[in-house]
Amino acid sequence: MIPRYSRKKMVDIWSSKSKFRIWFEIEAHACDALAKIGIIPEQVAQNIWKKGLETEFNVQRIDEIENITKHDVIAFLTHLAEIIGPDARFIHQGMTSSDILDTTLNIQLMYASDLLLQDIDQLLAILKTRAYEHKNTMTIARSHGVHAEPTTFGMKLAFAYAEFYRGRKRLINARQEISTCAISGAVGTFAHIDPRVEEHIAQAMGMQVEPISTQIIPRDRHAMFFATLSVIASSIERLAIEIRHLQRTELLEVEESFSQGQKGSSAMPHKRNPVLSENLTGLARLIRSYAIPAMENVALWHERDISHSSVERCIAPDATVTLDFALARLSHVIEHLVIYPKNMMKNLDQCRGLLCSQRVLLALTQHGLSRENAYQLVQRNAMKVWNYGVNFLDELLRDKEIRAALSEEEIREKFDMSYHTKHVDTIFQRVFGK
């Protein structure tokens, strides 16, 4: 996580200030619950809330204490006792450090998920707008990088919309997966704390109770969360790569916006490169890399160890901050993407009619030829186009065997481009609804 690829709202979720505030809220809610069931005086819980909310926690002071204690939660509790006074003896009763750390991590991931969902919603809105803008903008589709059949540029964007919409649903499920609270004490048995305390904190923090914890919240939940972020990152890269390919000079069907004063190369003044899409490809690689350590964190020793801790301190902020930045950058790229319909049509014509080969093939089979024979007749004419640069339609009209099955009018009709886009409305209704 570096400032170049960070946005403030997401960074703030992972700040020490935010973390310590959540720690305090968990402890204070626990005191409320303890007071409610008669374990501590109600006035104590009120006093803890009052003094804690009135005070700005001193991060530097907590760090100083941790340098001595070598324990972050104890350092925080020591500083909190300095603020609260004698009533601090009722704080953290029956709890263990993992209760605070794990519940806080999940709260931070919930907050991060909410921002990421906002990012996806913004991207979806932009994709939808631009998809409808170019719903009928004809372009060539490619398989294996080779011209296939016509589609529309709106279809390409609609495909991306559907993919990110699935990503949104997965992220909602992933958020649900990690929205659990564990306040179960050492080894998760509730030996020193009433389960009602956990239930109270979960409700107060907008979470669910972890059905069974082993002093820590099970890490398969987090593995699924980071895997979901990785899939979303892969969707970002897929769209970014499409833009990079289409911006190549010999295609130039789309182009990233190039602002006044922008420079493309330190050596070549003419360059306008797809740098934002290339950057997104790199960021996607980084985000995906966090899925593996998250999965390796699932297998911990017995009821707990802390081999997962250092991993999560790195990957949780890095993955969420980077994905937040990447989604915002992709929204910018799509919103300001320059589209060149004339170049799309020029590229459509590049293969001199070959993109209609399947229509001719099917027409021949419908007129009595076997598929194998029809394929051979169409392919031999298609190869002439590749090898000699002739026109596909002209070759078909000169082929006596094809003319024996199809009239000139029937052949020419197979080159009507609108045939390939007649179901675009249906597809758009499936993707965007009516």
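Out of everything in the stretch 60-71 that is open to solvent by 20 Å² or more (accessible area, probe 1.4 Å) and touching a Ser or Thr at 6+ places or on another chain (Cβ under 8 Å), what residue ends up being nearest to residue 197 (Cα to Cα)? Top of the filtered list is 71. Checked against (1) over 26 Å from residue 418 (Cβ atoms); (2) in a helix (DSSP H, G or I); (3) modelled with pLDDT under 95, residue 380 passes all but condition (3). Checked against (1) among the acidic types (Asp, Glu); (2) farther than 18 Å from residue 193 by Cβ; (3) assigned to a helix (DSSP H, G or I), residue 27 meets all criteria but (2). Within the option set 310, 259, 266, being more than 15 Å from the chain's Cα centre (by Cα), over 24 Å from residue 139 (Cβ atoms), hydroxyl-bearing (Ser, Thr, Tyr) and part of a helix (DSSP H, G or I) holds for one residue only, 310. Here is the figure for the stretch 240-254: residues that are touching an Asp or Glu at 6+ places or on another chain (Cβ under 8 Å) and open to solvent by less than 50 Å² (accessible area, probe 1.4 Å) total 4.
The listed residues are 104, 214, 180, 137, and the only one of them that is under 30 Å from residue 247 (Cβ atoms) and hydroxyl-bearing (Ser, Thr, Tyr) turns out to be 137.
Being touching a strand residue (DSSP E or B) at 6+ places or on another chain (Cβ under 9 Å), open to solvent by less than 10 Å² (accessible area, probe 1.4 Å) and under 16 Å from residue 295 (Cβ atoms) is the filter here, so list the residues in the stretch 201-232 that pass it. Within the stretch 201-232, 217 is the sole residue that qualifies. Looking only at residues in the stretch 78-94 that are touching a residue at least 24 places away in the same chain (Cβ under 8 Å) and part of a helix (DSSP H, G or I), which one is surrounded by the most Cβ atoms within 10 Å (Cβ to Cβ)? Selected residue: 84. Residues that are open to solvent by less than 10 Å² (accessible area, probe 1.4 Å) and in a helix (DSSP H, G or I) within the stretch 154-187 comprise 154, 157, 158, 160, 164, 167, 171, 174, 178, listed in sequence order. Scanning the stretch 218-243 for residues that are in contact with a Ser or Thr (Cβ under 6 Å, 6 or more places away or on another chain) and aliphatic (A, V, I, L, M) yields 240, 243. Looking at 317, 274, 269, just one residue is closer than 30 Å to residue 111 by Cα and either open to solvent by less than 50 Å² (accessible area, probe 1.4 Å) or of a type outside the set (A, V, I, L, M) (or both), and that residue is 317.
The values are calculated or read from the model by the stated rules, or taken from the named source; none is laboratory data. If you're wondering where the values come from, they're calculated on a predicted model, not measured in any experiment. Backbone-built Cβ (ideal geometry, glycine too); neighbour counts: all protein chains shown. All accessible areas refer to the heavy atoms of the entire protein, side chains included, with ligands and DNA or RNA removed. Shrake-Rupley method; radii C 1.70, N 1.55, O 1.52, S 1.80 Å.
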